[in-house]
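The values are calculated or read from the model by the stated rules, or taken from the named source; none is laboratory data. All values reported here derive from a predicted model rather than from experimental measurement. Note that each Cβ is placed from the backbone with ideal geometry, even for glycine, and that neighbours are counted across all protein chains shown.
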Amino acid sequence: MTRLDYITSLLSEYNSVCDVGTDHGFVPINAIKSYNLSKAYALDINEGPLDNARKNIISEGLSDKIECILSDGLKDFNETVDAIVIAGMGGLLIKSIIETSLDKALKARALILCPNKEEASLRDFLVNNGFYIEHEHILYDKGHYYEIIKVVPGKREYNNLDILYGPFLRKEKSKDFIDKWNKKLYQLESAYKKCSRADKKDDILNKINAIKEILLYGED
Ligand SMILES: C[S@@+](CC[C@H](N)C(=O)[O-])C[C@H]1O[C@@H](n2cnc3c(N)ncnc32)[C@H](O)[C@@H]1O
């Protein structure tokens, strides 16, 4: 399954969705086509991508169900929806979009997030700002490992390993999880061999040992 198909599949239980940074509009279009959603919003900060989405929405005959809105994050979005999707951006950008409109984000029943990097920083922010992680998945799509993180309003306790590797992912240890961290391990081991600074070498070695431990055990 592709990253966008998996994200869309998580919308099956909802009635409305807002896709922030929609670009082509794939998620809202396919959510409406596949499930029983009555309304979707396609948001983008740039006119070009929003035009792409608009064209695709018109060609699918879905203009009455999907509204396109030019907006920086959720700043110009004033509806309440069941689910908010933010995918295909760095974790720090996703964090900043949520942080800027935290009150709006907390009104949704779920946030479905798919950062393409900085996953741990995003998890750390979410669990310290009114959300807990209800579901996680990792998959390989078009040359990249993607973590899909679904959070809902509420509070749970997490430890450092949960934040770094994902509370569900590190225990499930799926093939894609193992492959992702083996790849990272390989990169760090190459960096370690090339590195000449003792303090930097120590730092890399700590990271290598932490990953080896999670791959071997994965438990607390
Ligand atoms: C790489 S595309 C990802 C598209 C789609 N969400 C996906 O996952 O395939 C990133 C999109 O996010 C939009 N974007 C970047 N920053 C944004 C922001 N602050 N608010 C809304 N959209 C933003 C960009 O214009 C672009 O269309």
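Evaluated against (1) modelled with pLDDT of 95 or more; (2) part of a loop (DSSP other than H, G, I, E, B), LEU43 falls short on exactly one condition, (2).
Every condition in (1) under 19 Å from ALA31 (Cβ atoms); (2) surrounded by fewer than 18 Cβ atoms within 10 Å (Cβ to Cβ) is met by ASN116 except one, and the failing one is (1). Only a single item in (1) small (Gly, Ala, Ser); (2) in a loop (DSSP other than H, G, I, E, B); (3) touching a residue at least 12 places away in the same chain (Cβ under 8 Å) is not met by GLY61, and it is number (3). Against the condition farther than 25 Å from ASP5 by Cα, surrounded by 13 or more Cβ atoms within 10 Å (Cβ to Cβ) and out of contact with any Cys (no Cβ under 7 Å at 6 or more places or on another chain), how does ALA210 come out, does it pass? For ALA210, the condition - farther than 25 Å from ASP5 by Cα, surrounded by 13 or more Cβ atoms within 10 Å (Cβ to Cβ) and out of contact with any Cys (no Cβ under 7 Å at 6 or more places or on another chain) - is met. From GLU13, GLU99, GLU60, which residue is more than 11 Å from the ligand (Cβ to nearest atom), surrounded by fewer than 21 Cβ atoms within 10 Å (Cβ to Cβ) and farther than 26 Å from TYR132 by Cβ? Criteria check complete, one pass: GLU60. When residues in the range 78-96 are screened for being near the ligand (Cβ under 10 Å from one of its atoms), touching a Leu at 6+ places or on another chain (Cβ under 6 Å) and outside any helix (DSSP H, G or I), 1 of them pass.
Just one of the listed residues (LYS183, LYS107, LYS150) is without any contact (Cβ under 8 Å) to a residue 60 or more places away in the chain and either within 23 Å of SER96 (Cβ to Cβ) or surrounded by 14 or more Cβ atoms within 10 Å (Cβ to Cβ) (or both), and it is LYS107. Only a single criterion out of (1) more than 26 Å from LYS142 (Cα to Cα); (2) within 16 Å of the ligand (Cβ to nearest atom); (3) not charged (D, E, K, R) is not satisfied by ASN36, namely (2). Among residues of the range 39-57 being more than 11 Å from the ligand (Cβ to nearest atom) and under 21 Å from LEU11 (Cα atoms), the one that is surrounded by the fewest Cβ atoms within 10 Å (Cβ to Cβ) is LYS39.
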